[in-house]
Protein chains: 2
Amino acid sequence: MVKKIFLLLLTLYFQLLTYPMITKPTFLVDEKKCRANIQKIADKAKRNNVIFRAHFKTHQSLAIGRWFKEAGVEKITVSSLDMARYFAPEWNDITVAFPVNFLEIDTINELASKIQLNVVIINLESVDFLLQHLQHPIGFFIKIDVGYKRTGILPDNLALVDAILERTAASDKLNFLGFLGHAGHSYKSSSYDEIEATHKESIARILPFKERYAKDYPNLILSVGDTPTCSVVEDFSMVDEIRPGNFVFYDIQQTSIGSNTTEDIAIAMACPIVAIHPDKNELIMHGGGVHFAKDAFVDPKLGTIYGRIVAQTENGWGEILEGIYVKSLSQEHGILTATDEVIKNYKVGDIVYILPVHSCLTANCFKTYQLLSGEVIERF
Amino acid sequence: MVKKIFLLLLTLYFQLLTYPMITKPTFLVDEKKCRANIQKIADKAKRNNVIFRAHFKTHQSLAIGRWFKEAGVEKITVSSLDMARYFAPEWNDITVAFPVNFLEIDTINELASKIQLNVVIINLESVDFLLQHLQHPIGFFIKIDVGYKRTGILPDNLALVDAILERTAASDKLNFLGFLGHAGHSYKSSSYDEIEATHKESIARILPFKERYAKDYPNLILSVGDTPTCSVVEDFSMVDEIRPGNFVFYDIQQTSIGSNTTEDIAIAMACPIVAIHPDKNELIMHGGGVHFAKDAFVDPKLGTIYGRIVAQTENGWGEILEGIYVKSLSQEHGILTATDEVIKNYKVGDIVYILPVHSCLTANCFKTYQLLSGEVIERF
């Protein structure tokens, strides 16, 4: 017993010795929560018998990608050709879920020579260019606008879909894989019912394409799946593939939609307090637009906020603290507002932990993330 | 004559051969405009007999820093200790214009052993920590809140200023240099008169500190200067140093304040068009929040915009085009809205040139900039 306690103390001592002290804005990742988020969607994909082609635009990290591999994920989605190039050494099947930018034909050919590269087609100009310049086979999805109204072919524009399939039918370079939709308007939801309605509506918009083209393309894939729908809806059995991304980290925006609880949020920013102004109930932290990006969130009670402060625990962080939040951000400064009661708990030199509004863009501000173990991992 | 034309054609041919084709979102810098912006402020500083300690947080580039050197600039301002470390190999006198984060004491000591490092002090906690841990001398400015109300010591809090000076008086490590103010509220101006009023008011708030402490510190410096005031106000003779930053590039936000004309904007984003939706008068470009950041601007006529499209010319870009602008940004997508008339001018695969809303945060999204000559330069 004494020996056990001694060993435990020794371990803790060495952990303290090797733990890098946080001295500046740092992006923290709770690996356990992250892996749980991955496993949850992996299990749901399995139950629905669909491919889990996770979108890697949120974490953008080879190291975190390996956690997906351990959960059985074999195919991924990214948002740019450069990001595909970063992941290509470890992933053999990558879809770039962005209307193909054929000006980057050199990168397309380079990647196509090494991996199964899949692009997204929404117009004939891209088809013609690719047919002329592709040196190696790639797959393509036709993107259907399932209601988000950002981009994609409108569901009634069958003539364009027919034309794309006609022109590519004889090609051995440009291989049709299926139809892809992104119900990004689910981000505007604020309840389960709203998310479910968006899910049903967007599925209803893409499903007829399978019915219409399955005869000629019996293996065609319907690929859908944003974080809100994949997080809360159970039934994806009518499609073939899901591609959520944000769920790996989640954030307070997603919590407000209902995608997750605060406990699921797997990342936090750690920022040093550099000034305290009790006269105006404000604290200044090092942590601004270059660390958080600038996405704001309108909290029903607090108004426009840029992040919530969480309690620090032995193993990471706990619940959201009341009476304090991130009120504004400039380039390097962040302003926290705090009540008379709460501001007393802080002193210059403290580190605060903050749940950001939008984890994708916040993660994108950093070249490295720090795990709770102290280990530093790299990003694209 | 024939020989001259032949040589000219040969040069043009080789320029074309070596000019890197733009295929993806690219941050373009017009060196000529940039140098003119630098020279204008350098001349104004000379006329006023004040130090031009340019803020490098906007361009963050050693290469652009050398253009400042050629204009006679010898001292610089940065916004973080990491940025100071990046510039330290080429700059011997650097002020980090951010409330000193003493947790980064290792970086402070490392820099202080190599260069004249100056920090900003606004509380006694930082003074005490630095007095205890500094291994090499550094300079410090006391920051006065000249009306921006973000941070700094309030002008009537003389007791705190006295206390800071008392504690540091005997130190050979922490050397008082003067008082620093930042009239960031000038960014809310929309006319010359408003900028001038802010300038006069902020100067009036910092001037009494020179009068009060000059007896004990005859060489103390008053350091002020944001881009709007430094761009339009002529008289800085009552202070000793100016520190504007954004002026090196300018942007459409600064144009709206009145700091510059559109012709002065020295940077533009080049983005490929990947989809055109004439039915909703929209074009989709590759260029989103990860390229532009997310600062929006409320145009009096157009409403909320994220950038203006400019005409492409032989040597860069020209005037702002009417009937088209950047309407919204997601992570990688940008949506341009265009009139029926204007949308006809574009096709998939075109590159559009865009003046961003906020050049500081847009530049911060890139690791390299491309000059109009085709040369690529690096950034911190």
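The values are calculated or read from the model by the stated rules, or taken from the named source; none is laboratory data. Being a predicted model, the structure only gives us computed values, none of them experimental. Here the Cβ is made from the backbone with ideal geometry for all residues, glycine too, and neighbour counts use every protein chain on show.
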Residue that is surrounded by the fewest Cβ atoms within 10 Å (Cβ to Cβ), among those in the stretch B:147-177 that are of a type in the set (A, V, I, L, M) and part of a helix (DSSP H, G or I): B:ALA159
Among what's in the stretch B:264-293 and is of a type in the set (Asp, Glu) and more than 17 Å from the chain's Cα centre (by Cα), pick the residue that is surrounded by the fewest Cβ atoms within 10 Å (Cβ to Cβ). B:ASP279
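Determine whether the stretch B:57-65 contains at least one residue that is outside any helix (DSSP H, G or I), in contact (Cβ under 8 Å) with a residue 40 or more places away in the chain, under 22 Å from B:LEU222 (Cα atoms) and under 16 Å from the mean Cα position of the chain (by Cα).
yes
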Members of the stretch B:193-238 found to be more than 21 Å from B:ILE153 (Cα to Cα) and of a type in the set (Asp, Glu), listed by number: B:ASP193, B:GLU194, B:GLU196, B:GLU234, B:ASP235
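Every residue in the stretch B:34-56 that is among the charged types (D, E, K, R) and assigned to a loop (DSSP other than H, G, I, E, B), please. Let's see the steps before the verdict.
Initially, the stretch B:34-56 is screened for residues among the charged types (D, E, K, R), giving B:35, B:40, B:43-44, B:46-47, B:53.
Once the filter is applied, which keeps residues that are among the charged types (D, E, K, R) and assigned to a loop (DSSP other than H, G, I, E, B), the stretch B:34-56 yields only B:ARG53.
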Tell me yes or no: at least one residue of the stretch A:162-179 is hydroxyl-bearing (Ser, Thr, Tyr), touching a strand residue (DSSP E or B) at 6+ places or on another chain (Cβ under 6 Å) and more than 30 Å from A:PHE297 (Cβ to Cβ). yes
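On the basis of being crowded, with 20+ Cβ neighbours inside 10 Å and either without any contact (Cβ under 8 Å) to a residue 24 or more places away in the chain or among the hydroxyl-bearing types (Ser, Thr, Tyr) (or both), does B:SER237 make the cut?
Criteria not met by B:SER237.
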Condition met for A:SER223 (part of a loop (DSSP other than H, G, I, E, B) and either in contact (Cβ under 8 Å) with a residue 60 or more places away in the chain or buried (at least 21 other Cβ atoms within 10 Å of the Cβ) (or both)): no
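Name the residues in the stretch A:268-283 that are of a type in the set (A, V, I, L, M) and more than 7 Å from every other protein chain (Cβ to nearest Cβ), would you?
Initial filter on the stretch A:268-283 (of a type in the set (A, V, I, L, M)): A:268-270, A:273-276, A:283.
Correct list: A:ALA268, A:MET269, A:ALA270, A:ILE273, A:ILE276, A:LEU283.
Inside the stretch A:294-307, can you point out the residues that are touching a Pro at 6+ places or on another chain (Cβ under 9 Å) and modelled with pLDDT of 95 or more?
First pass over the stretch A:294-307, keeping only residues touching a Pro at 6+ places or on another chain (Cβ under 9 Å): A:295, A:306-307.
Listed by number, the residues that qualify are A:TYR306, A:GLY307.
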Mind checking which residues of the stretch A:131-162 are out of contact with any helix residue (DSSP H, G or I) (no Cβ under 6 Å at 6 or more places or on another chain) and farther than 21 Å from A:ALA183 by Cβ? A:LEU131, A:GLN132, A:LEU134, A:PRO137, A:GLY139, A:ALA159, A:ASP162
Which of the residues that make up the stretch A:78-90 are within 12 Å of chain B (Cβ to nearest Cβ) and in contact (Cβ under 8 Å) with a residue 24 or more places away in the chain? A:SER79, A:LEU81, A:ASP82, A:MET83, A:ARG85
When A:MET21 is run through (1) modelled with pLDDT under 95; (2) not in a loop (DSSP other than H, G, I, E, B), the failure sits at (2)
All positions within the stretch B:301-310 that are under 16 Å from B:MET269 (Cβ atoms), part of a strand (DSSP E or B) and not hydrophobic (A, V, I, L, M, F, W, C): B:GLY307, B:ARG308
Filter the stretch A:35-59 for residues that are surrounded by fewer than 23 Cβ atoms within 10 Å (Cβ to Cβ) and within 16 Å of A:GLN370 (Cα to Cα) and give the result. A:ARG35
Which one of these does B:ARG167 not meet: (1) within 14 Å of chain A (Cβ to nearest Cβ); (2) in contact (Cβ under 8 Å) with a residue 40 or more places away in the chain? (1)
A:ILE305 being in contact with a Lys or Arg (Cβ under 8 Å, 6 or more places away or on another chain), hydrophobic (A, V, I, L, M, F, W, C), in contact (Cβ under 8 Å) with a residue 40 or more places away in the chain and within 30 Å of A:SER190 (Cβ to Cβ): yes
Among strands (runs of 3 or more DSSP E) lying entirely in the stretch A:311-377, which contain 2 or more residues that are within 14 Å of another protein chain (Cβ to nearest Cβ), surrounded by 16 or more Cβ atoms within 10 Å (Cβ to Cβ) and at pLDDT 95 or above? A:316-329, A:333-338, A:351-356
